[in-house]
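These notes concern the structure reproduced below.
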Amino acid sequence: MRRLPVLLPLIWVCSVFYVGIFLFVGGFLLVRLEVNRTSTCADILSPGAQVKGDFCLSEPRFRRAVVLIIDALKADFTRYDPENTAPKPFENKLPVLDEMGSLHPSHARLYTFRADPPTTTMQRIKGFTTGSLPTFIDVGNNFASNAILEDNLVHQLGQVGKRVVFMGDDTWVSLFPKKFHRSLPFPSFNVKDLHTVDNGILQNIYPTMEGDDWDVLIAHFLGVDHCGHRFGPDHPAMAEKLSQMDGVIRSVIKRLKNDTLLVVMGDHGMTDTGDHGGESQKETDAALFLYSSSPLFSAPGSQMEPEVVPQTDLVPTLALLLGVPIPYSSVGQVLLPLFPQNGSRSAPTGLSQAEALWINVKQVNRFLETYSNMAKDIPPDSLSLLRADFSNISSQYLVAVQEGRLPSPDLVVSMQNYLTSVRETCRASWARFNPFKMAAGLLILGLACLLCCVISELSHLVIQEGFLKLPIFSGLVVGMAVAGVQLFSQGYLELSWCLAGAALSSEVLFLWKTRRVSPKDRWCPARLLTPALLVLFLRCASLLSDSYVIYEGHVVTFLLLTLSVYIPLRLNWDGLLVPLPPPDTQKPPMQRQATLPSSVVRRETTVLLVWLGVLVGSLYVSLSFHNCREEQGSCQPSPFLSPLSRVQDSQLRNLHYVLSVASLATWVYLLHRWLRHYGNLNCSTVSVFSACFILPLACVGMGLHWAVSATPEDTFRNLSELIGLAHVFLPRAIFCVLGLGLLLLWVDPMTVFIKSRTPVNSRGTSLPRPRYRASTGISPQAELHHLIPQLYQRIRHSLEDGGVEAGEVDDRPAVEAYGLGTVFSAPLLLFCGLLGLVLLLLHPEGMALAFLLLLLEAGAVLHIHACSTNLSSLSIHSSGYSVPWASVVSWSLAAAQFFHATGHLPTFPSIQWGAAFVGFPQGHTGTVLPASLVILNTFSSHILFAVGCPLLLFWPLVCEVRGTRSARSVGGEESEDAVMEMRLRESPQKFSSALLQLTARYLFVNGAQVLASVCAAAILRRHLMVWKVFAPKLMFEASGFIVSSVFVMLGLIMVMRVDIAVGRLFKKLLPQNSRLFKLRNRNKPHISAIRLQATPQVLAEMWQQLLSSRLVLMRLWHRAKSGVDTV
């Protein structure tokens, strides 16, 4: 095999795809421009005549503030219904909020606190401290929190000398480094830990409040959020956590002084499964509770109360109440009920509603002018309207102040409308795009898909030496030229355009070069418009509809089923599913049509239909494991998606556990049974050690780990420490064992058992009886099969001209190799099996059955492909090993289908973050390892099908029917026995070409789906659902392609390692004078042989007669034992 000529084109194509994705995402998901300016008390906002500035003029209403952030405090959690006699675990657990609002209406108020998406913790902290709107791409920074550079409340509080004390979620320390007077951070990433952060806060919050070394106290509790992630909101643990928070709020209220404001808030909500990150109402609606021991609000009903308070509005409100400047980049609006309606200085607060709004309006206008001059991305028409509104408001307010009268209610409404308009304009403008980068990314991705198609059709030309040298070299030259021009003209280097120039130039030159050498009939529409590619087109077209993306799991299932049913229908249309009538014996042998025996056709048809039924059943059952999107309404997620620890019914939990363990054992048994059937477990290599010992050991370990994980925390309190150790060491031990198995398989992938035989001394000497030790693991049936090569050798000696004379010594060796017929597929299948257990360990226990269905579905696709190849082999005139488009598209659709069948969705709330803590319940010190575990969990189906992609090439050879790949004519030529995968080594050039073609087609199918997602995001970038449906789908599709491309290359390299090992084996066993080398596959009834020298036709005929009759075989065996000459 030619390894470098195969790998180099694929690496180049993948790199081009990566550049296209990088360019488009860089133009589509731009972060907004941050204004790195800060407000100060001396700022004079225009228009105004103040000498001392607009901020910090009056005495602040509150000297101190306590901010209690209860992470994921959903608005529904705070509602109290006294008539609810059977509340759910999350209902009626915070009665203190209702009591304070009812008993002290002028002291307390509860609001719905609406967050802007993305609803992840870091983005929400940015939102309610800066008053700005984090953009979509900021979600990627949630686990690599960088310091906030924009002006924010924490900075302003410190700037005026207030002592800010923080305790709780350690995310704050990374966002505001060295900004706190004192901080007590606790690790936040371990979602299974419900108590460490909360208990740490409770040990310190009350002593801190009773002391005087603080002005603002911020406490961020995480127990409710972690409980939602681990158990969901409808669990007794949630009731315990909310009740604990109720007690915390009561204790804090008792310790408040009259000059202290209490703010209790949630940063976001959660879905019914306890997740968050998206923009559904359940995720965005949190709670906001405000309380003070002194009167805080006007009399109830005296003014209009807002139904919903945006999170950005908290920033200017707290700033003015505490007497600090409003952060420079805030676009929030002050919460008017906290300010009196009149302008009397004797009011409880130093600012009236009109005065607070006026300062707020001038601050927002200042930011708008600064940002518009820096970014130039706000539409001029919108900017002109906002400027006109501000000019009108300014003139009216200044006239009212000069005349000594209060601003009119209409002016107050106008200021509110202005602030709302600015926020909505900024929200729309910050979804800005770079059309040039988007267009360049689209062009590169489109040409990359064309490259894959060209390489798949001209793979025999591409693997030639030097074919890619000119395109790659020209790309490097153009990239460096673009870099030089940028440095000369701009003084700085923009990497994206250098990569774009390199990618485009190499693509264009390659296409121009292949156009000159490709046959003209290669690109006719009849060859390209196949039903398989039509299904792929429908799949890509569905990505342009939000409804089809929402129901993508069902769409992919339907397309896969349709394509699978098409294969037998096509075979039936071609007349290949039923035996053909016997050939006309009157015709000359050379004119007879080559046909398969009727028994072979019936057997292959039966096998095809059986596996089609298995595929249909697997697809139907796999629908039971789908998750639900928020847009699907009444859809209920699969109960198998919940960890066993969430299942409260003990009988149901035990049933799920037994089903999971049985599925896991079946997974291991099927892999072991296949390897044993094809004779790949007879040798004593490290690969066989992995199959025989590591697989069962990992199975037992995973069963124990699941049992420990399913144990409720309060069941064995005396063994809590031992159970805690098991949570840590059991999964780590399993990871190590499976990693060792993968490493051993990578180092020595051979699963072949070699058997040497004593040569024949003379024509008249009978062959010695084969003797085997029990340790070889070869069954008596295999011994009977082993006799056939010996008999064949005796026949060959008797018929060969110039045979060995009596007394001469025959020094020609005879060697049998068990498992050589599946030498490529066996280690690859074992590699997938070990890797599948690693990925299963990162999923909930109930996904074991889903992974078993994945194995059955993959096997069904492979067998349908193999049967179709066998039945159509005589009608397709091809001398290579081409894998048809239908099988490649089916394989890719199966990967996408099981992405959904393992509980995943192309949405951020559906990411299974718990995978990061399998074996690491105490959390991580960095972000690389947890991010890797989450990626492996999310794209597990992509990984398994990518690594197993070469099986599409090997499986028809494994299931090969004798005679299907022999000469197409019947008469005058020798009938060839099936040699399975060793046929690939007869023509290394064709083997290399077939591998390159298969991988290029797989990349094309996946790349076409990425291109469709990119087109959908570009065309529908102003669509209502772009950030909710199309942008997340683009991110998941692009990430899935990157993961698939990496692991398909890993599978390809695994095949090459096996080929190297086979080559070394042949060099060791085949000396230059070898005449015959026989292949044996355990428990297979036929004989595989590679002939190094032609044999007479009569020998082949006698050989076929020997194989066709078991009775003759048994008679020959008994004669050989009695010493009677068998020929």
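The values are calculated or read from the model by the stated rules, or taken from the named source; none is laboratory data. Note that this is a predicted model, so its numbers are computed, not measured. Here Cβ is always computed from backbone atoms with ideal geometry, including for glycine, and neighbour counts include all displayed protein chains. All accessible areas refer to the heavy atoms of the entire protein, side chains included, with ligands and DNA or RNA removed. Shrake-Rupley method; radii C 1.70, N 1.55, O 1.52, S 1.80 Å.
Ranked from the most accessible area to the least, with a 1.4 Å probe and all protein chains present, what is the order of VAL752, VAL747? Working shown, then result.
On the way: VAL752 15, VAL747 95 Å².
Descending accessible area places them as VAL747, VAL752.
Highest mean first, how do 1029-1035, 449-455, 1059-1065, 1002-1008 rank when packing is the count of other Cβ atoms within 10 Å averaged over residues? Spell out each step's value before the answer.
On the way: 1029-1035: 24.0, 449-455: 21.9, 1059-1065: 16.4, 1002-1008: 27.1.
Going by the mean number of other Cβ atoms within 10 Å, highest first, we get 1002-1008, 1029-1035, 449-455, 1059-1065.
Using a 1.4 angstrom probe with every protein chain in place, what is the largest-first accessible-area order of GLU424, GLU507?
Values: GLU424 90, GLU507 0 Å².
Highest to lowest solvent-accessible surface, that is GLU424, GLU507.
List the trypsin sites (Lys or Arg not before Pro) within region 993-1031 that fall in a DSSP loop (any state other than H, G, I, E or B) and whose Cβ has at most 10 other Cβ atoms within 10 Å.
On the way: sites: ARG1001, ARG1021, ARG1022, LYS1028; in loops: ARG1021, ARG1022.
Passing both the DSSP loop test and the Cβ count: ARG1022.
Leaving out ligands, DNA and RNA, and with a 1.4 Å probe, what % of the accessible surface on region 31-431 is carbon or sulfur? Kindly include the intermediate steps, with their values, before the conclusion.
Values: 7990 of 15240 Å².
For region 31-431, the apolar C and S fraction of the accessible surface comes to 52 percent.
How much accessible surface does LYS241 have with a 1.4 Å probe, in Å² rounded to 10?
Counting only protein heavy atoms, LYS241 exposes about 10 Å² to solvent.
For region 400-516, what is the accessible area per residue in Å², given a 1.4 Å probe and the full set of protein chains?
Values: 5870 Å² over 117 residues.
That works out to 50 Å² per residue.
Provide the percentage of antiparallel DSSP beta bridges, counting only those with both residues in region 31-431; round to the nearest 5.
Numbers: 13 of 38 bridges.
Close to 35 percent.
Once the Cα gyration tensor of region 31-431 is found, what semi-axes does its equivalent ellipsoid get, as square roots of 5 times the eigenvalues, in whole Å, sorted largest first? Please list the in-between numbers first.
On the way: eigenvalues 224, 114, 85 Å².
Semi-axis lengths for region 31-431 are 33, 24, 21 Å.
Using Cα pairs closer than 8 Å and at least 6 residues apart in sequence, work out the relative contact order for region 31-431, in percent.
Working: 789 pairs, mean separation 100.2, N = 401.
In percent, rounded to a whole number, it is 25.
Just the accessible area for TYR80, please: 1.4 Å probe, Å², rounded to the nearest 10?
90
Leaving ligands, DNA and RNA out of it, work out the accessible area of HIS863 with a 1.4 Å probe and give it in Å² to the nearest 10.
So the heavy atoms of HIS863 present about 40 Å² to solvent.
Could you put GLU857, GLU83 in order of accessible surface area, largest first, with the 1.4 Å probe and the full protein assembly present?
The ranking, largest first, comes out as GLU83, GLU857.
Given a Förster distance of 45 angstrom, what is the FRET efficiency for MET374 paired with LEU450, based on the Cβ-Cβ distance and rounded to 0.05?
Working: r = 40 Å, r/R0 = 0.90.
Rounded to the nearest 0.05, the efficiency is 0.65.
State the Cα centre-to-centre distance between region 549-577 and region 841-859 in whole Å.
Cα centroid to Cα centroid, the span is 22 Å.
Listed here are the pairs LYS376/LYS1033; LYS179/LYS1028; LYS469/LYS1033; LYS74/LYS126; LYS192/LYS241; which of them are more than 24 Å apart at the Cα? Before the final figure, lay out the partial values.
Numbers: LYS376/LYS1033 29 Å; LYS179/LYS1028 35 Å; LYS469/LYS1033 36 Å; LYS74/LYS126 19 Å; LYS192/LYS241 14 Å.
Exceeds cut-off: LYS376/LYS1033; LYS179/LYS1028; LYS469/LYS1033.
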